[in-house]
1. Residue check: is B:ILE92 farther than 18 Å from B:THR333 by Cα, in contact (Cβ under 8 Å) with a residue 40 or more places away in the chain, open to solvent by less than 20 Å² (accessible area, probe 1.4 Å) and of a type in the set (A, V, I, L, M)?
2. Failed condition for B:LEU18, given (1) within 13 Å of chain C (Cβ to nearest Cβ); (2) open to solvent by 50 Å² or more (accessible area, probe 1.4 Å); (3) at pLDDT 95 or above, with all others met?
3. Scan segment C:16-35 and tell me whether some residue there is part of a loop (DSSP other than H, G, I, E, B) and without any contact (Cβ under 8 Å) to a residue 40 or more places away in the chain.
4. With segment B:181-295 as the region, which strands (runs of 3 or more DSSP E) entirely inside it contain at least 2 residues that are more than 19 Å from the chain's Cα centre (by Cα)?
5. Just need a number here: residues in segment A:1-15 that are touching a Gly at 6+ places or on another chain (Cβ under 8 Å), among the small types (Gly, Ala, Ser) and more than 14 Å from chain D (Cβ to nearest Cβ).
6. May I ask you to verify whether C:VAL229 is within 20 Å of C:ARG100 (Cβ to Cβ), open to solvent by less than 10 Å² (accessible area, probe 1.4 Å), within 9 Å of chain A (Cβ to nearest Cβ) and not acidic (Asp, Glu)?
7. Does D:ALA290 fit the bill of being open to solvent by less than 10 Å² (accessible area, probe 1.4 Å) and closer than 30 Å to D:ILE6 by Cα?
8. Looking at segment D:286-316 only, could you name the residues that are within 12 Å of chain B (Cβ to nearest Cβ), within 18 Å of D:VAL259 (Cβ to Cβ) and in contact (Cβ under 8 Å) with a residue 24 or more places away in the chain?
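The values are calculated or read from the model by the stated rules, or taken from the named source; none is laboratory data. Because the structure is a prediction, the values reported are computed rather than measured. Cβ placement follows ideal geometry from the backbone for every residue including glycine, while neighbour counts extend to all protein chains displayed. These area figures cover heavy atoms from the full protein model, side chains too; ligands, DNA and RNA do not enter into them. Shrake-Rupley method; radii C 1.70, N 1.55, O 1.52, S 1.80 Å.
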Number of protein chains: 4
Amino acid sequence: MTTVSIVGGSGYGGGELLRLLLAHPEVEVKQVTSRSHVGEYVYQVHPNLRKGSQLKFSDPAQLEPVDVLFLAQPHGQAQHNIEQYAKLASKIIDLSADFRLRDAADYEKWYSEKHAAPEWLGKFVYGLPELHREDISKAHYISGVGCNATASNLALLPLVQADLIDLSGSVIIEIKVGSSEGGADGNSGSHHAERANVIRTFSAFGHRHTAEVIQEMGIQDISLTMTAVDLVRGVLATAHAKVKAGVITKDLWKAYRAVANQNPFVRVVKEQRGIYRVPEPKVLSGSNYAYLGFELDESNGHIVSICAIDNLMKGASGSAVQCMNLMMGWDETLGLEFAGLHPI
Amino acid sequence: MTTVSIVGGSGYGGGELLRLLLAHPEVEVKQVTSRSHVGEYVYQVHPNLRKGSQLKFSDPAQLEPVDVLFLAQPHGQAQHNIEQYAKLASKIIDLSADFRLRDAADYEKWYSEKHAAPEWLGKFVYGLPELHREDISKAHYISGVGCNATASNLALLPLVQADLIDLSGSVIIEIKVGSSEGGADGNSGSHHAERANVIRTFSAFGHRHTAEVIQEMGIQDISLTMTAVDLVRGVLATAHAKVKAGVITKDLWKAYRAVANQNPFVRVVKEQRGIYRVPEPKVLSGSNYAYLGFELDESNGHIVSICAIDNLMKGASGSAVQCMNLMMGWDETLGLEFAGLHPI
Amino acid sequence: MTTVSIVGGSGYGGGELLRLLLAHPEVEVKQVTSRSHVGEYVYQVHPNLRKGSQLKFSDPAQLEPVDVLFLAQPHGQAQHNIEQYAKLASKIIDLSADFRLRDAADYEKWYSEKHAAPEWLGKFVYGLPELHREDISKAHYISGVGCNATASNLALLPLVQADLIDLSGSVIIEIKVGSSEGGADGNSGSHHAERANVIRTFSAFGHRHTAEVIQEMGIQDISLTMTAVDLVRGVLATAHAKVKAGVITKDLWKAYRAVANQNPFVRVVKEQRGIYRVPEPKVLSGSNYAYLGFELDESNGHIVSICAIDNLMKGASGSAVQCMNLMMGWDETLGLEFAGLHPI
Amino acid sequence: MTTVSIVGGSGYGGGELLRLLLAHPEVEVKQVTSRSHVGEYVYQVHPNLRKGSQLKFSDPAQLEPVDVLFLAQPHGQAQHNIEQYAKLASKIIDLSADFRLRDAADYEKWYSEKHAAPEWLGKFVYGLPELHREDISKAHYISGVGCNATASNLALLPLVQADLIDLSGSVIIEIKVGSSEGGADGNSGSHHAERANVIRTFSAFGHRHTAEVIQEMGIQDISLTMTAVDLVRGVLATAHAKVKAGVITKDLWKAYRAVANQNPFVRVVKEQRGIYRVPEPKVLSGSNYAYLGFELDESNGHIVSICAIDNLMKGASGSAVQCMNLMMGWDETLGLEFAGLHPI
């Protein structure tokens, strides 16, 4: 068995990772650390793991060597300890934002602070297999992905891959998100009485995940607008752009199907009838799938491209496990077969 | 105009009170105090009051004399300052639990601390007009009501008033509540991602509001079981008891209708068809009505009595304003005419 | 008292209208018709109206003359009977889409059928007081407003009124809506188990309300994208456009404040702190207010303009009552003073 | 591979069964029938099954022989065709209520119609492994379980098995349920705008599932009170009873732990701290676990016993698959290892 440990396992990303790794047929979870929960059973924090594990949270200072180390700490921590972690494991997958951007100047611009380990940025591969499968399978260091960035990148991927966007205009991406995105540490605005029933646009533009979309899609004029809705898990990205002159619906079908065919977790959803005609995150809770759909207004070239994911899975821990599978040479879908539930 | 002020106006009860008093045709709101929000506009904390008021929160130390003083502080504070408040206003309505129980020993038993002003307990009238209309109209000091106690007391009122309960058995009351009951200060369990989609029985018995039901209904063997559900406003109390031998459905109709006829905010809901056949809090948000209903199993005398209210209205601020109306000799329903919304 | 009747009073719009008119100090509700509920109490369909009214639904065939007639039927009906209704009342306010568009060709284009009474289109004034206060106050026939169109029109109004938009680009409006928009007649997709927890983009473009935005704003290149979220009441419109070269945030403050100052139900929400910094519909349930906000990216002229309303109030019945107030020469806000609730 | 088919696969129970069987390592799904969806892909009805299957719904008239046949039709159908189904498969698991009661007179009493195949009642074993593991493993015909009955039976099981209940009093079970219980065919009351935000007591007593609790627990004086809350998946049963004189908390711990130790899908949840101290269905979506908890008021013997399950899993399809595992001699937990999600 391959040994793995999780640093920072008491948050939502860490908990989801733990759920996946405990059920993964090829790995053994050795340690899960948490500063504030040392000695507690993991199921006292992650109540779905009762009966699934008798593991207890370890002190991060007592971390032992493993084959693969997952870092699931709040942003800004991994970069300060990366040297130390690299001594404990030859393969590291970091879910935080610390090593997502290739350029230290970009990091400083979007995160408003100097990067503590800029020399490490070039060693990491951006951990979205749909964009970097080949590189990931050869890498030692993988960065996590922003959940909103992932929904945006996958919404744009068919258009960018087939070079269908007219880049003279702006790409506007409207993103609707559930409350688990905010992490396990709530604030006054996440109190149920304040957070239920909301349609709350908390970022008109300038969200940090924008940097990952610009970097990965190679498009400069992109904005993300973030709106919180009454849901726990799930992200929907709706991207608006203009296609190049002459592009018709048939071209789009071809581009979207190509992406779905190349990627085991991507599926085009575009039905003429039934309730679920378009991608929506509702049925993806716990699943690693990304559902893509689109509508083209042929009269003016306005394309609306939609991507739905579970922010904690494809948008975080699911993609991280998928990367581990690739790095280890296992089947890419191993331990990620859960279909999602309906109804839910 | 009658002048009123609110001490502790930044919580949910205080905010609801402020909404009602700002729209009340006979009163002028002079001050609203808050320790943590001094100098802020009230609408910065209560966003529904934009355009409705340019009032700012005052320092509680600068409280001025008024005709009616409302106390809406957390439990345990009013009892320490009641002498001082009594110098500022001849009429006081306290929404907290401090003066609800008549007996200082009861207070100590249920609240696990000695009462700081036991000599004041006898001066207060329990502020539920459906139980003490006459006394309230002559009183100077009115206590608030517990929201769960109110739903329970009103569910039992027709049965107790008509003396229909077989008191040799237990009265079991199951209460389902929304998240606003917990107050404006959230905790880890009220974080949306943890509090959404719950059916969470947080108190099997022993809830403090039980003391108010025992006191007001004069029944000793009563238990309240509290379950949180995914809703912001609303309480439903479902009371289980045995009726005396020979009691039939017709007797119950008579008893429930009598209570509805005596009380402008009580209504019997018991329909044979349609969606809303039984009392439910959904359509009562913002309204001061209590909906009562019942089912009797004539084969064994099992009565299920149901009461739905908005916890912030009939269960707190609405009843407080209703008491003020009675104390001032105004129409009992003044400023409380809002019907509730449908759908919502 | 001014007499009013409602044709088609069993739907959500009709029910909200009835709630408002029953509480309105200047009117007496004479009849409420419904084909399927003749003889039933109105509160059997609108459960919030218990104790508020003993009215029963009438047969539409027995409609009697009144001062003001409200039509709240499904789209496509009023146009077939308008001649007959005009004989019963000199003032008519129609909430349906039948008389919103000025041009019969537009109607045919967007509603895919010939208009049955094109000669009446010119007699109606579009019933949004924020756009046509003067004309409404002199009119006999008022059309209702589309709820999504209203949120869009008000989001754009400050920009259009101050002529700040660069019209060489597209205006993209993303709209998130609650389930009450779909009306009281559900379908398989509105079943709770399917409709809860959704982020469902049901119209990428081409929604019928687009026609009202194009007509009222005078902008051709506008698209509305509609997404259903888990909420009952409320609409949020987020409009994306480019401002003219040189426009800065200060210009926008001026434009938005001007609209708020001219209109009693419009309020600018743009706070630096607190939970409710931007417009959101959550606290507007039951209220006729429209909350407007904006963010400008001065680096590229991207303006994000936001409007929140209650779709059944400002987006339908509230605006209709506001129009009645203007037509009758009453205070514009009469019977519409409800502030909304917090929390909810 | 063992072949299985599902009759009536378009409902929620059938869909959940299909999800489990498609992922089950020992079976091959041969056919899924549906009268109204013949020829459609199963994922057009069960959107979570995209990419998981290219199966299409078959005509029930073309059903072929298989090893195990699952019946997931609406109640009242299987009893009319059981002879025919028995010719197609030697092992049958029926999820409907048709064969749950052992006594035809009981069926007639609770279902208000004569049973069409009373001679078959004795051939079926009630399909809750926690009650009949031994019999199930030898049986050819297994009945499904009512979801509310299952939550009730498991809440009572430790008390009944250890003979701790004072049977001279009543057992009152309060059950809170999500909307998926109502099945995939909605009604006016399940429309999202009407069903969201409810606390709706739809059955005070007399619910059909009561018959299964009486039969399986051997207690006559039991009532179930059913309340719908705003949730899609999940049931919580809260049972109130009196324990025999002298029973203390320690006795209960022993009884509950015994049941947990005997059953792989039962877990006792009774924590002193954290958010999830008691059983709640929120974290069980998609999982086959039953969480049990209790509180005893030693002063009066009032026991509150709580059971949380996912109604579509342990309360229906999960238990059915668990039965299949036992019948086939496989590991009881095969294909049922999913832990549930947190947060959700």
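1. Numbers: farther than 18 Å from B:THR333 by Cα: yes; in contact (Cβ under 8 Å) with a residue 40 or more places away in the chain: yes; open to solvent by less than 20 Å² (accessible area, probe 1.4 Å): yes; of a type in the set (A, V, I, L, M): yes.
Judged against the criteria, B:ILE92 is a match.
2. The number of the failed condition is (2).
3. Looking only at segment C:16-35, we keep the residues that are part of a loop (DSSP other than H, G, I, E, B), and these are C:23-26, C:34-35.
Filter once more, so that each one left must be without any contact (Cβ under 8 Å) to a residue 40 or more places away in the chain: C:34-35.
Yes, because at least one residue in segment C:16-35 is part of a loop (DSSP other than H, G, I, E, B) and without any contact (Cβ under 8 Å) to a residue 40 or more places away in the chain.
4. Numbers: elements: B:199-203, B:222-229, B:235-242, B:266-268.
Those strands (runs of 3 or more DSSP E) span B:199-203, B:235-242.
5. Looking only at that region, the number is 1.
6. Values: within 20 Å of C:ARG100 (Cβ to Cβ): no; open to solvent by less than 10 Å² (accessible area, probe 1.4 Å): yes; within 9 Å of chain A (Cβ to nearest Cβ): yes; not acidic (Asp, Glu): yes.
Against the criterion (within 20 Å of C:ARG100 (Cβ to Cβ), open to solvent by less than 10 Å² (accessible area, probe 1.4 Å), within 9 Å of chain A (Cβ to nearest Cβ) and not acidic (Asp, Glu)), C:VAL229 does not qualify.
7. Working: open to solvent by less than 10 Å² (accessible area, probe 1.4 Å): yes; closer than 30 Å to D:ILE6 by Cα: yes.
So D:ALA290 passes the test.
8. Of everything in segment D:286-316, those that are within 12 Å of chain B (Cβ to nearest Cβ), within 18 Å of D:VAL259 (Cβ to Cβ) and in contact (Cβ under 8 Å) with a residue 24 or more places away in the chain turn out to be D:TYR291, D:GLY293, D:PHE294, D:LEU296, D:ILE303, D:VAL304, D:SER305, D:ILE306, D:CYS307, D:ALA308, D:ILE309.
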